[in-house]
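**Student:** So that we are looking at the same thing, I have put the structure below in structure tokens.
The values are calculated or read from the model by the stated rules, or taken from the named source; none is laboratory data. This structure is a prediction, so every number in the text was calculated from the model and none was measured. Glycine gets a Cβ as well: all are built from the backbone with ideal geometry, and neighbour counts include every protein chain shown.
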Amino acid sequence: MRYYELKESQAVEHYAPMAKEHGLDASDNIAVRKMIETADKIRNDCQFYLSQIKGADTGFPRDQKQSIAWRGMSKEKHGDTQFVLKDVRLDGRNPKDTDVDSHNYINREFTKLYGEPFRNAMFMTGNMRDTLRYGHAFQVFPVGQFNFIWSPTVTDLWIKGGELRRALRIPMSRFTDPEERMKNEQYKSKVFKEFNENVISSYQTDDMKAALGSGKEIMVRCKSYYAVDFDNVTKNVLDENKTYPESHKNKIREAVETVFYKIVNNK
């Protein structure tokens, strides 16, 4: 049976021997079974993304590499989450940090140059440490076909947009003096021109491996994505009624991720 013909009910049986080789028993551990089933779903549902990163180093420990995608997610909402499939709001998204005027301006410019409003997207990065500002660091896998953009020079567009936000906040109606009004119009025009030339035009729409390796912000226009927190997976694989040395916990976490990526990468 080829891997891509597997059904969810068959996945555990098929991969159980490989999991056992790494010290994970799928026969009586629900968390191991769930991990196998989720990895098999990701392998099926995320083939376009996986083809984009084919050949990237996903060896353990993965938090020291910039070869897979990470996303910071709320501790309040996802503190105990192991696996989640989340929808992406592609239209009418309310920005979390950026003000609405800047958000809309950037979306218009992105649409002119790259065909889509990429601030309405899922944000991810190859730099795990950057995601910790937003909560738990989840490994993420965009579902289905999608478009994405990233810039080799922009780590965080919100930071780059400081002067743009200031310019957009100046209400021209407050200037009654024509000369003062003209000065501010010229200032705004200069800011917009420089932002478009130095920031907006620096983005590219290909090479996901390079995007992840850069550690920069990546905007992905996918409809949904899987997110996995391997710390929580490991916690659930271990018996909660037992106490384990740190070395054993690390060994199990490595086994969990190794088995997961062998399934995801069809090995």
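**Student:** Any idea which residue in segment 128-149 is modelled with the highest pLDDT, counting only those that are part of a helix (DSSP H, G or I) and among the aliphatic types (A, V, I, L, M)?
**Tutor:** Only one residue tops the list, namely Met128.
**Student:** Just give me the residues in segment 34-61 being assigned to a helix (DSSP H, G or I) and either in contact with a Pro (Cβ under 7 Å, 6 or more places away or on another chain) or over 16 Å from Val264 (Cβ atoms) (or both), in sequence order.
**Tutor:** Tyr49, the sole residue that qualifies.
**Student:** Also, I was wondering about something else. Which of the residues spanning segment 107-134 are among the hydrophobic types (A, V, I, L, M, F, W, C) and either within 16 Å of Thr205 (Cα to Cα) or free of Cβ contacts under 8 Å to residues at least 12 places away in the same chain (or both)?
**Tutor:** Correct list: Phe110, Leu113, Phe118, Ala121, Met122, Phe123, Met124.
**Student:** Anything in segment 206-225 that is among the polar types (S, T, N, Q), surrounded by fewer than 18 Cβ atoms within 10 Å (Cβ to Cβ) and part of a helix (DSSP H, G or I)? List them, or say none. Working first, answer last.
**Tutor:** Quick first cut of segment 206-225, residues among the polar types (S, T, N, Q) only: 214, 224.
Checking which are surrounded by fewer than 18 Cβ atoms within 10 Å (Cβ to Cβ) leaves us with 224.
Once the filter is applied, which keeps residues that are among the polar types (S, T, N, Q), surrounded by fewer than 18 Cβ atoms within 10 Å (Cβ to Cβ) and part of a helix (DSSP H, G or I), segment 206-225 yields nothing.
**Student:** If you don't mind, another one. Could you tell me how many of the residues in segment 85-118 are assigned to a strand (DSSP E or B) and touching a His at 6+ places or on another chain (Cβ under 7 Å)?
**Tutor:** Going through segment 85-118 one residue at a time, the tally reaches 0.
**Student:** I'm trying to understand the selection: among the residues of segment 252-267, which are assigned to a helix (DSSP H, G or I) and charged (D, E, K, R)?
**Tutor:** Matches in segment 252-267: Arg253, Glu254, Glu257, Lys262.
**Student:** Do you know which residues across segment 226-251 are part of a helix (DSSP H, G or I), free of Cβ contacts under 8 Å to residues at least 12 places away in the same chain and among the charged types (D, E, K, R)?
**Tutor:** Hits for segment 226-251 are Lys235, Glu246.
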